[in-house]
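Contents: one structure, followed by commentary.
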Amino acid sequence: MPQQVRPPKRFRPQEEGSPQPRLPAACESSRCGIGIRVPGVERLCAPESTPARARAHPSRPSAPSPIVGSVWLGRVSSRPFLRSRRKLPPRSTAPAHEHPVVSLTFDDGLASQGLAADLLEERGLRGTFYVPSGMLGKPGRLRWEDIVRLAERGHEIGGHTETHAALPEITLEHARQEIIRDRDALTAHGLKPVSFAYPMGKCTDEVEELVRSAGYVAGRGIGGVVETLPPLNAYRLRTPHSVRTWTTAEHMAGLVRAAEHEEGWLIVPFHHLGRDPQSSYTTPTREFAAFLDWLVDRNVRVTPVCSVISLYE
């Protein structure tokens with residue numbers, strides 16, 4: 001008699017007043033094979049080898065999308081969603097929700113991020129720009145006057161070390177100087193940095209303490225998907241991996257839906273915008289703009305990191 005295959009379990013609507021199911025943190029083991037489904041999103045821990053599903057769909061990347069590290073985003077709805085990569089889900093006329101909260105962050109002071117700021121402002125949104133101060137003014141980077149202007153237009157400017165140093169890989173004194181000199185340069189230009197982003201997301205307990213001692217009230221790392229509100233640790237804010245060339249507006253919308261299900265905070269890191277053949281850490285302008293339109297259409301609360309942190313100080 002052939003063995004029957006049991007269908008995968010799905011989250012079901014809960015009775016009013018009953019505890020809501022919570023998505024577990026992304027599994028650290030790439031062999032676990034756990035599948036988690038929420039409305040509009042499927043998260044599947046990817047095995048070390050390319051999944052059969054991915055091989056069956058050449059349009060998908062052969063490896064899990066780096067936007068979530070070891071977590072793969074896919075469709076569970078049979079309804080077409082961004083199939084043309086030009087249209088997003090139907091517009092929502094629902095009132096603004098308290099959750100999720102979304103923060104859009106931009107690392108490294110790259111020149112193309114000036115366009116990102118323009119696209120945000122056209123939609124009434126503001127972002128957080130993490131700046132390695134010692135690299136400003138170099139080819140392909142923003143200038144100091146650009147950074148000051150961003151702050152004047154309502155964007156947050158945060159610290160990112162002086163030279164984009166991997167802090168755990170240098171001495172603690174060197175790391176302290178990287179953090180302090182960067183913050184001093186920002187404040188010398190009239191800026192008020194509140195949050196910090198660890199270069200490459202690398203952090204230790206000792207580095208975390210250096211950031212705290214420098215006067216920052218929060219530190220953004222890399223790892224996890226959705227941060228809780230209030231954060232479990234403001235100096236280790238959980239963040240999906242950076243958006244890459246192959247990350248679509250659909251992938252990013254899926255992350256927002258996961259945060260909506262978790263009633264949490266999604267912090268999305270970006271680097272280059274447009275086209276940069278020398279880096280895969282690039283977001284196509286069309287995908288970025290489509291994602292912003294989707295956020296606005298759904299009336300998602302988009303706010304800089306410092307604004308969220310200030311609510312829980």
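Read-outs throughout are calculated quantities, based only on the coordinates presented, and are distinct from any laboratory measurement. Everything numeric here is computed off the predicted structure, so don't read it as measured data. All Cβ positions, glycine included, derive from the backbone under ideal geometry; neighbour counts span all protein chains shown.
All other residues with a Cβ under 11 Å from the Cβ of THR171 taken together, and with Lys, Arg as +1 and Asp, Glu as -1, what is their net charge?
Residues near THR171 contribute -3 overall.
Return the FRET efficiency for the residue pair LEU115, ASN233: r is the Cβ-Cβ distance, R0 is 35 Å, and the value is rounded to the nearest 0.05.
So, using R0 = 35 Å, E works out to roughly 0.60.
Amide H to amide H under 5 Å from ARG141: which residues, 5+ apart in sequence or cross-chain, H placed 1.01 Å off N in plane?
ALA111
Got a sec? How would LEU311, LEU150 order by Cβ neighbour count within 10 Å, fewest to most?
Fewest-to-most Cβ neighbours within 10 Å comes out as LEU311, LEU150.
For the stretch 101-310, what is the charge dipole size about the Cα centre, in debye to the nearest 20, if Lys and Arg each add +1 at the Cβ and Asp and Glu each add -1 at the Cβ?
In total the dipole reaches around 220 debye.
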